[in-house]
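First up is the structure itself, then whatever we jot down about it.
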Amino acid sequence: MRILQQLVLGLLLGGLYGLAAAGLSLIFGVLKVLNVAHGELIMLGGYAAFWLSAIVGLDPFVALAGVIPLTAVLGLVLYGGLFGFVVRFDEETRIKNSLLVGFGLSLTLHALAVKLWTADERSIPTGYAGQTIGVGGLVLPLGRLASLAVALALIGLTHLFLARARWGQAIRATAEDWEAALLQGIDVRRAYLLAFALGTALAGAAGCLVAVGYSISPAIGLEWTFKALIVVVLAGLGSLFGTFVGGLVLGVAEAASALTFGGPYREVVGLLIFFCVLIARPQGLFGRP
Amino acid sequence: MTGPRRLDLRATAATLVGLAALGAVPLVVRRDDVLNLGVVFFLAIALAQSWNVIAGLAGQVNLGHAAFFGLGALVTRSLWIAGAPVLLAMAAGAAVATVAGVALGLVAFRLRGAYFAIGTLALSEILRVSVGNVLAEISTLPAAAIAGYRLGPRYYGALALALGSVLVVAGLIRSRLGLGMEAVREDEAAAEASGVGAFGVKLRAVVVSTCLAGLTGGLFAYYHISYYPQHPFSPIWTFDAVLVTFIGGVGTVHGPVLGAAFYVLFKEYLAVQWVDAHLLIFGALFVLIVLLLPGGLVEAGQRIARRLAGVLVSRPAPGVR
């Protein structure tokens, strides 16, 4: 039972990995830009939620409605100021330069967060923080369960947008082949901008959920970037639900490895999986079949 | 990443002479803070040059460089504290770092471009987390070693390493191997087609690069009185190397030296002005350099020189039509 309990907790965390990875996957898939500061965007989303609930007194799940537009705007700014320059290069230079830009950005945002909010760990206190639901001997924390549901709902909404909305279809067409999309009259730059803002907003939402059920600090960025990267490598690009399932798989795998090798090594196992998958698929993350 | 470059002999000679002249500083100045700044400067040069070999010359953006710096520091520190002579300990540290580098190369050179970069970043994180798990205690020199601690040998050791790293990069650029690296950097497939064994070239680049990084880590371990064993594995060290190289000029001999001078002095200035703000400012500066001035200070200097020359040459003489 104890083992099953740990695996279920891993599954709940895995949902957030899936949401974190969805944003990265979207940006990577559409812009062919690898933003390694993605984890720092998650961190910023977490702080936005934290302050919205600390100052305004919003419930974190309500604060989500504020965090998403805030981080979307941040995405617009980052695209306009940084990544918009990167997408002008050919594909290989684009990835390399975006990586370097993201690397610098992640250290900057980390330092900025430490300066503004100290290096302390924080999480959003809620009235239902300690409440749990018992299901057949399993203890499910209410907040984390709700987070998983919200993460799945957000993935579903994003999927609907990409599948149905006019601009969603434009984004998908751009991801498929930007030159063909351009010839069809699609404003590729605007599709890039939208996809980047959407990806950033997903990161912000993930950060908000992390701040509810778990904890945030300025240092979590790199760790979450890796979680998202691992999931993207595991799940491939193209399907948001696939990414979500990839996140669940990683969450359970981490829990299983923590049970086997001890807690401190749960991160190492994920990274090892990541490296092995990379080596097994050297053609790259988006090697489409 | 960068255009073709030839060895700028005058700049290289000036760099070497300038660095060697710094050897006179301890004879003239007796202030510890100046000497400490010198050690930090030399270590920054050596670490940046070691990254410059793999990334600047051979074009393999290794974002896990801290792993080799850290391994060098870890092995050197352990052996030295256990009683081995420090030079021997440093050699062992460099050897371990090099072996790790070759192991990494054998596996990770299957990855191209950005995938190599994130793969190496992941590997260095694995090492950092593992070292932090196994060796959580701070590493402090034994009391006897602290009592006998003198800055002089550290200063000259670091200076020798910095000089050596500049010579290595200059020698590489002039060599056949250096040409091979340049070919691989510019277009790996074309290099293979012209008979350059890309894998062998990259492997030799990683040997030189990680050996230098291991030695630098060894000097770090010899220099610092106490630090957490996990610290040299932190991605901050990779960032230091990348930043210094980019500020100065990727793939050049004297660029990383200029970059290190700028970095160390500016960081010192910032530390006086705003505590802990240097990462914030350097992170932003780095992003700007990557986007706007990918050739760094060296390219900026060349542009200015060309502009000046252009002004002097193209201005028509008065009265001439």
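Miscellaneous remarks
- Scanning segment A:87-101 for residues that are within 10 Å of chain B (Cβ to nearest Cβ), in contact (Cβ under 8 Å) with a residue 24 or more places away in the chain and surrounded by fewer than 22 Cβ atoms within 10 Å (Cβ to Cβ) gives A:GLU91, A:ARG94.
- Being at the interface with chain A (Cβ under 8 Å from one of its Cβ atoms) and either part of a helix (DSSP H, G or I) or in contact with a Pro (Cβ under 7 Å, 6 or more places away or on another chain) (or both) is not true of B:GLY259.
Matching residues to (1) charged (D, E, K, R); (2) out of contact with any helix residue (DSSP H, G or I) (no Cβ under 8 Å at 6 or more places or on another chain); (3) at positive phi; (4) surrounded by fewer than 21 Cβ atoms within 10 Å (Cβ to Cβ):
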residue	(1), (2), (3), (4)
B:TRP51	no, no, no, no
B:GLY59	no, no, yes, no
B:TRP80	no, no, no, no
B:ALA95	no, no, no, yes
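- Members of segment B:235-256 found to be of a type in the set (Ser, Thr, Tyr) and at the interface with chain A (Cβ under 10 Å from one of its Cβ atoms), listed by number: B:THR238
- Selection status of A:LEU234, part of a helix (DSSP H, G or I), within 14 Å of chain B (Cβ to nearest Cβ) and modelled with pLDDT of 85 or more: no
- Residues being among the small types (Gly, Ala, Ser) and facing another protein chain (nearest Cβ under 9 Å) - total across segment B:81-134: 8
- Flag for A:VAL269 being in contact with a helix residue (DSSP H, G or I) (Cβ under 6 Å, 6 or more places away or on another chain), among the hydrophobic types (A, V, I, L, M, F, W, C) and surrounded by fewer than 21 Cβ atoms within 10 Å (Cβ to Cβ): yes
- On inspection, B:GLU137 does not qualify as within 14 Å of another protein chain (Cβ to nearest Cβ), farther than 26 Å from A:THR225 by Cα and of a type in the set (Asp, Glu).
- A count restricted to segment A:51-63 and to residues that are small (Gly, Ala, Ser), assigned to a helix (DSSP H, G or I) and surrounded by fewer than 17 Cβ atoms within 10 Å (Cβ to Cβ) stands at 1.
- The residues listed here are A:GLY84, A:GLY66, A:GLY80; of these, the one that is surrounded by fewer than 20 Cβ atoms within 10 Å (Cβ to Cβ) and either within 15 Å of B:VAL290 (Cα to Cα) or within 12 Å of another protein chain (Cβ to nearest Cβ) (or both) is A:GLY84.
The values are calculated or read from the model by the stated rules, or taken from the named source; none is laboratory data. All of these numbers come straight from a predicted model, not from anything done at the bench. In this analysis, Cβ positions are derived from the backbone assuming ideal geometry, glycine residues included, and neighbour counts consider all displayed protein chains.
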